[in-house]
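Have a look at the structure below, then the notes.
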Amino acid sequence: MSDLPDFERLAQAASAAGLATSPSELHGVICGLLATGHGQEDATLLGILSAHAEQPQGLGADLGGDLMECRDAAREGFAGTGLELVLLLPGGEEELGLRVAALGQWAEGFLVGFGTGAAGINDSQLSPGVQEALSDLSAISQVSTPEDDDEEQEQLLEQVTEHCRVSALMIYTDLVMKPAAKPDQAPSKPTRH
């Protein structure tokens, strides 16, 4: 399985390239696109990410390569049993406020990627489960940083992170896996003898 690039290295590369967008948000955009069945083509994905990061000249080869690694790891995570999907967030050694903000940025990015990939799909065409997951991710994207760095807040962050991961997997399953599993034609009726 492909591993995600190191968060801190990716953050430094993004900063060096002049991006104000966090690696978590860019990873969220990638995951949102993949959850709609898009984002497979390198050039198209890099174009979407460049536009989102307001970098019309592109992201540069190194950063672009790192983001393709992010896409490959997310694609494998979605396609596996679901236990492999990992969100690109700062490590546990970072302060809680930074990790909470990054999760909010990931959720915001996911919604952007989903909106881009699902353009033309009416909300009424989405299952109630997908609508609820999107509503939850929208609320999470508006999160405020906690005032305390206590164990309760750490556990809450862990639970919300898992909820984001499961929401992304559920959306992917509903929009990509279920349609792919449906046969294109109705099964033929058995022949009577």
What GluC sites (Glu not before Pro) does region 91-145 have in DSSP loop regions with at most 15 other beta carbons within 10 Å?
-> Glu93, Glu94, Glu95
222 nm [θ] for the chain, helices only, -39500 (n - 2.57) per DSSP H run of 4+, per residue, to 500?
-> -19000 deg cm²/dmol
Unit charges on C-beta of K, R, D, E only; dipole of the chain, Debye | 1580 debye
Determine, for each peptide in 38-51, 142-155, the mean count of other beta carbons within 10 angstrom over its residues, then list the peptides with the highest first.
-> 38-51, 142-155
Burial-style ranking of 109-115, 61-67, 23-29, average other-beta-carbon count within 10 Å with highest first, yields 23-29, 109-115, 61-67
Calculate what fraction, in whole %, of the accessible area of the chain sits on carbon and sulfur atoms when a 1.4 Å probe is rolled over the protein chains.
-> 50 percent
Treating the beta-carbon of each Lys and Arg as +1 and of each Asp and Glu as -1, no other charges, what is the dipole magnitude of region 1-113 about its Cα centre, to the nearest 20 debye?
-> 280 debye
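The values are calculated or read from the model by the stated rules, or taken from the named source; none is laboratory data. Everything numeric in this text was worked out from a predicted model, so none of it was measured. Using ideal geometry, Cβ is built from the backbone for each residue, glycine included, and neighbour counts are taken over all protein chains shown. The accessibility values were calculated without ligands, DNA or RNA, using every heavy atom of the protein model including side chains. Shrake-Rupley method; radii C 1.70, N 1.55, O 1.52, S 1.80 Å.
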